[in-house]
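Take a look at the structure set out below.
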Amino acid sequence: MRYNRDDDGQIRAYDYFIPLETERNSRRPTYVWQYSTTISPPQMSHLASVFEVDAFTVRLQSSVYTPPSNSTPPNIRAVLQKWGNESLWDHLQMDGDGSWLIHGLLHGTIQGASDGSYMDTLCPDACSSAFMLTCTSSGMRLEGTWAEKSAVASNYRGEIFGGMALALILLAASTFLPPECDVSPVKLWFDNSGVINHGNKPHSDLAEKQGQADVLILLKRYLRSLPLSVSFEKVEAHVDEYKSYLEYTAQERWNIEMDDRAKHALITALESNSFISTPFPFEHFRCFTKFGKICGSPSEAIYDRHGYVTAKQLFHDRSIVSMEHFDWIYWDGMPKAVKDFPILFKSWIAKHVSHFCGTNRHLSRLDSSVKNICPSCGLPNESTSHITRCPDPGRLACLKASVDDLCDWMDDNDTDPYLQEIIEKYLLGHGVLQMGDIVEASPTYIAFSEIHDTLGWDNFVEGRISESLVKLQGSYLRSIDTYVNLSTWASGLMRQLLLLTHRQWKYRNATVHYKADGQPLPRHEQILEIITKLIDTDETLLLPDDRDLLHIDFEQLGNGPTIDQERWISNMNTAISAGRIYRARRSRNVRLNPVRT
């Protein structure tokens, strides 16, 4: 709304503008005139500086909160509302007008408690908190809840919200305390050690990589502003699982109650789509990327955003995923999927995905003497896409074994039975069968199959599963009693698919190496079987000088040339024979078994 003033500065009308739809998410959106009125508007929450594009269009330059009026709020709730963002107190319930809280602070009878809730199987981007303050003398109390929709939602964030809410309420109550009065410390009970640690150190700095830094900064700011001391105390969580009700302490009862209320608040907020808004009171500075508000490390947020833009362009340029479909993929699970892979495995993933793996197609570009044919099936043009599509019988058997392993994993991790069925059929279809040819279910699964087939085979077997697939599994997990975490399930599936593709690559390389050694595949399998048996030899059966044979790098031996493997087998057989001869000479009762060759 703009004040339309005459030449003397007097308001003659109030002009109402709305943002252009195309610039609604811009930091400096453009607004267009809708209508004017002479009716005075209610108190505005913000004041704005704008640039007049023309008589009917303005562009936002900056905005600030409307300065508070000089009138003294009559009670604690009015103080909280005066600080802005009234959505924080929509569910605040208080006995009386809160004067008992001021009296209790003066007499040292106020304690509080809070607990958070986060149900990622229900909604991975929402969390909540329940909080309460009570006077242990009068029994008067207040309680409230916050529920927030956020990409960084977590149980920890919910726990921090409880500390923030209690600190703000105490700060509002402290405005009614007499000057320079002596107030006893207020004990607040939490079951989260992180919140307790930060709450008891309001003057300490946060690490640059601190998670949930945006709200922890505010918690510390609120606590530093208090004219009274607050002590964050530890209470054991979930004591109702091993104690009877009569054994609970007062603080344990509060914790159980807040836990229940936080869960109920989260479910209610999801059902009604009613969440708290931002900014928070006294949040003077916020930092954003295109992903939204930075809530943790600024450097990591900037790096992630830059990586996203770079990857999106690279995948598009190399015809891996178009820019249009890039955001259909569940990228959030990839870091966790590859986290525990060895560095060389991660290197292989990068080379394979970017089409720089050592396939004959790539090698033939570097060396014209290399023939661009598959070493397994002999078909021309061995690209990275061919690795999981090779029709060689051995490779197909390897794929079948990998799919069996994947099915076992899906069964162990409470995968939607119908998803298990269609994923197994799709993988055994070997890149020829489309997901749309398999799915015969509800419109939801059909919509998933269309997205899946648009992304294609290569994206799937390289672990780039769709968001729609994860949502289907999330719906199933919410319908059953399970401890399976949705994000862990998704990253686990991505990991299994990467292993499936890597096994195809290893099988292909084994074929190349066997041919390079001039040995048939059965002979190499026989050699590896002998090595596997000899590795289990009890070293006490060898002479001391020969025991180093069992202390070598067996992974390097298994991946090395055949001649080294045969030499080690020969040396082991000799060492075993020497040990038998030595024992036979010391005791004629030792039976000499034939030596394995």
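The values are calculated or read from the model by the stated rules, or taken from the named source; none is laboratory data. Model, not experiment: these values are computed from the prediction. All Cβ positions, glycine included, derive from the backbone under ideal geometry; neighbour counts span all protein chains shown. The protein model used for the area step is the full one, side chains on, heavy atoms only, and it has no ligands, DNA or RNA in it. Shrake-Rupley method; radii C 1.70, N 1.55, O 1.52, S 1.80 Å.
Looking at Met94, Met119, which is the one that is touching a Leu at 6+ places or on another chain (Cβ under 6 Å), surrounded by 14 or more Cβ atoms within 10 Å (Cβ to Cβ) and aliphatic (A, V, I, L, M)?
So the residue among Met94, Met119 that is touching a Leu at 6+ places or on another chain (Cβ under 6 Å), surrounded by 14 or more Cβ atoms within 10 Å (Cβ to Cβ) and aliphatic (A, V, I, L, M) is Met94.
Screening Ile535, Ile581, Ile569 for residues that are open to solvent by 70 Å² or more (accessible area, probe 1.4 Å) and among the hydrophobic types (A, V, I, L, M, F, W, C) leaves exactly one candidate, Ile581.
Take the conditions (1) under 21 Å from Val152 (Cβ atoms); (2) in contact (Cβ under 8 Å) with a residue 40 or more places away in the chain; (3) not in a helix (DSSP H, G or I); Phe285 misses just one of them, which is (2). When restricted to residues that are within 25 Å of Glu324 (Cβ to Cβ), assigned to a helix (DSSP H, G or I) and open to solvent by less than 40 Å² (accessible area, probe 1.4 Å), region 459-482 contains 9.
Restricting attention to region 201-237, the residues that are open to solvent by 80 Å² or more (accessible area, probe 1.4 Å), touching a residue at least 24 places away in the same chain (Cβ under 8 Å) and assigned to a loop (DSSP other than H, G, I, E, B) total 4. Filtered by the rule that a residue be in contact with a strand residue (DSSP E or B) (Cβ under 7 Å, 6 or more places away or on another chain) and not in a helix (DSSP H, G or I), region 324-352 gives Ile329, Tyr330.
Within region 386-396, can one find any residue that is touching a residue at least 40 places away in the same chain (Cβ under 8 Å), open to solvent by 30 Å² or more (accessible area, probe 1.4 Å), in a helix (DSSP H, G or I) and not charged (D, E, K, R)? No, region 386-396 contains no residue that is touching a residue at least 40 places away in the same chain (Cβ under 8 Å), open to solvent by 30 Å² or more (accessible area, probe 1.4 Å), in a helix (DSSP H, G or I) and not charged (D, E, K, R).
Those strands (runs of 3 or more DSSP E) of region 1-110 in which at least 3 residues are among the polar types (S, T, N, Q), considering only elements entirely within it, cover 30-37, 57-65.
Ile256 meets all of the listed conditions (1) loosely packed, with under 14 Cβ neighbours inside 10 Å; (2) farther than 26 Å from Ser225 by Cβ but one, namely (1). Counting the residues of region 153-197 that are small (Gly, Ala, Ser), open to solvent by 10 Å² or more (accessible area, probe 1.4 Å) and in a helix (DSSP H, G or I) gives 3. For region 263-273, state whether one or more residues are without any contact (Cβ under 8 Å) to a residue 24 or more places away in the chain, among the basic types (Lys, Arg) and farther than 22 Å from Ala207 by Cα. For region 263-273, residues without any contact (Cβ under 8 Å) to a residue 24 or more places away in the chain, among the basic types (Lys, Arg) and farther than 22 Å from Ala207 by Cα: absent. Checked against (1) among the hydroxyl-bearing types (Ser, Thr, Tyr); (2) open to solvent by 60 Å² or more (accessible area, probe 1.4 Å); (3) within 26 Å of Phe232 (Cα to Cα), Thr72 meets all criteria but (3). Within region 305-323, is even one residue surrounded by 17 or more Cβ atoms within 10 Å (Cβ to Cβ), in contact (Cβ under 8 Å) with a residue 60 or more places away in the chain and not in a helix (DSSP H, G or I)? Within region 305-323 (the criterion being surrounded by 17 or more Cβ atoms within 10 Å (Cβ to Cβ), in contact (Cβ under 8 Å) with a residue 60 or more places away in the chain and not in a helix (DSSP H, G or I)), the answer is yes, since at least one residue qualifies.
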